[in-house]
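Throughout, read-outs are computed from the coordinates displayed, never taken from laboratory work. Source: prediction; values computed, not measured. Cβ: placed from backbone, ideal geometry, glycine included. Neighbour counts: every protein chain shown.
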Amino acid sequence: MKFFQKRSTASLIAAVVVILSVLFGAHRSLGDAVGSVSDTFYNGVYDTAGNYIRRSVYSQLEKRRDTAMSMISLADVYGESDAVAAARESLRQARATLAVNMDAGAGPKTLYGDNLALQRAADDLYAVLHGAISQASATEDLILLENHYATLGNAARLIEESGYNEAVRAFQHSVLSVFPANVLRAVTFVTPPELFE
């Protein structure tokens, strides 16, 4: 009992309480800041120069996922060709992987890989389907295919222009790599936001 009556014990307990309070506060405030930056992946980055919110990476992934389904549906009409059928199935699988991971709340890094796989499969299907449609002289379907492929490309461009990676890098540089946040982040196990790359 005398242990708790000593002045040194009281000082030690006070120091521990202060340290734990600082660590808890740092974890909470850094975690909130990381969460705000991470949310821009889904909600878009505010463009101060233009005074508007850019289209989010996530919304463009949704557009690419939906457009891939439209390409697959168009390919169903020309599925008797082995090349078209194989390319269609590759895109179907790539789209399904992206959709499952989006629904599961996968992070930007995982979705980046899924998006690359979707693009490769879409490129392959576009090439073989373009040939099959041209051979069938189906002008309307050819225009439809071009529109779908252009939509995929436009969504990819908007992802590049979303400002998400720039916002994450700026946050890491101006907040997470500056003292004392750089030390507190390490000891409070705050995970930095993921880049979409």
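Quick notes
- Interchain or long-range residues, amide H under 5 Å from Asp47's placed H: Tyr52, Ile53, Arg54
- Relative contact order for segment 57-160: 40 percent, from Cα pairs under 8 Å spaced at least 6 residues apart, divided by residue count.
- Backbone phi angles across segment 146-154, fed through the Karplus curve with coefficients 6.51, -1.76 and 1.60 (θ = phi - 60°), yield HN-Hα couplings of 4, 5, 4, 5, 5, 5, 4, x, 5 Hz in residue order; Gly and Pro are listed as x.
- Normalised by 2.2 N^0.38 Å, where N is the number of residues, the alpha-carbon radius of gyration of segment 57-160 equals 1.05.
- If R0 is taken as 30 Å, the Cβ-Cβ distance between Thr110 and Ser137 corresponds to a FRET efficiency of 0.10.
- By the count of neighbouring beta-carbon atoms within 10 Å, fewest first, His148, His130, His173 end up ordered His173, His130, His148.
- Gained length - Ala86 relative to Met69, 0.36 nm times residue gap less alpha-carbon distance: 4.6 nm
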